[in-house]
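Here, each number is a calculation from the coordinates, and none is a lab measurement. What you are looking at is a predicted structure, and each value in this text was computed from that prediction instead of being measured. All Cβ positions, glycine included, derive from the backbone under ideal geometry; neighbour counts span all protein chains shown.
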Amino acid sequence: MASVVSICNLALSNVGKDNINDLTEKSAEARACNQFYTQTRDMLLQSYPWKAARKTLSLGEITNDKPGVWQHAYMRPSDCLQVRWIRPVYAEDDGAPDMAFAGAHHEREAQYPYEIEGDTLYCNLSPCLLRYTARLTDPTRFSPLFIEALSWHLAVRLAMPLTRDPKIRADALTIARTMQAAAEQADVNQVRQTSDTSTDFLTVRSHG
C-alpha cells in the first residue's frame, strides 16, 4: 500500500540515494523529502484534472465586497488547488452521481466568468456549482502511474540537493514528463470507460 515514505523512497532510488525509514529521521534524504514532497504533490495535482482529485460542490454564498464588479461572492474551498469550471446548479443535479459529470463535454460545459481573490470566488451565478481539483493527501488513493509520475517529479527536486549532478536531474525530468503523460492518458481512458458504461446502461434502459 502506498505511503508518503514509500513514494519518497521511490524518488530517492530514482536518484541513486539510500531509502529512509521515516520522514522524521536525521538524514539529508529525509530533510529533502520533507522539504519538497508536499509542494511536488500539489504541483502535479494542480497540473491536470485528475479523476481521483475531482470534486464538485455547491458553494455557500458570502458577503459580496465587489458589488459593482460581480453579483455574487463565495468562499473558495480550503482544499481547492485549481478551479476547473463553475456553472449554475440545475434541478437534475440533485442526487446525481459524480460520474454524470465525466467526459470532456462536461468539462467544457459552461465557461462562465469568475475571479478568485484570496479565498473568495466572485461570479454572476446564484446558486453556483464549482468543479475543482482538490488537495488529495491520502497516497492510497493515487493510481500506480500517478505514483510513478510523482516519484520522478520528486526525484527532479531531490537531484541537486542530494547529488549535485545536473545530468541526474535532467534525466529524471525527462522520465517525469513521460510518466506524467502516461498517467494522464490512463486517467482519460478511465473516464472514457466510465462514460461508455453509463451510456450503455442508459441505452439498454431506453430500449427495455
For ILE147, ILE116, ILE86, what's the fewest-to-most ordering of other Cβ within 10 Å of each Cβ?
-> ILE116, ILE147, ILE86
For THR120, other-chain or 5+-apart residues with amide H closer than 5 Å (H placed, Pro excluded) are ARG76
Sequence-distant lysines (8 or more away, or on other chains) whose Cα lies within less than 20 Å of LYS66 | none
Go ahead and run the numbers for FRET between ASN21 and GLN185, Cβ-Cβ distance against an R0 of 45 Å, rounding to 0.05.
-> 0.85
Fewest first, what order do VAL188, VAL5, VAL69 take by the number of other Cβ atoms within 10 Å?
-> VAL69, VAL188, VAL5
Once the piece of chain linking VAL4 and ARG31 is laid out straight, how much longer is it, given 0.36 nm per residue of separation minus the C-alpha distance between them?
-> 8.4 nm
Separation between Cα centres of the range 1-44 and the range 108-162, rounded to whole Å | 20
With 0.36 nm assigned to each residue of separation and the Cα-Cα distance removed, ASP165 to GLN71 gains 28.5 nm
Fewest-first ordering of TRP70, TRP50 by Cβ atoms within 10 Å yields TRP70, TRP50
Summed over the other residues with a beta carbon less than 11 angstrom from that of ILE20, with K and R at +1 and D and E at -1, the charge totals -1
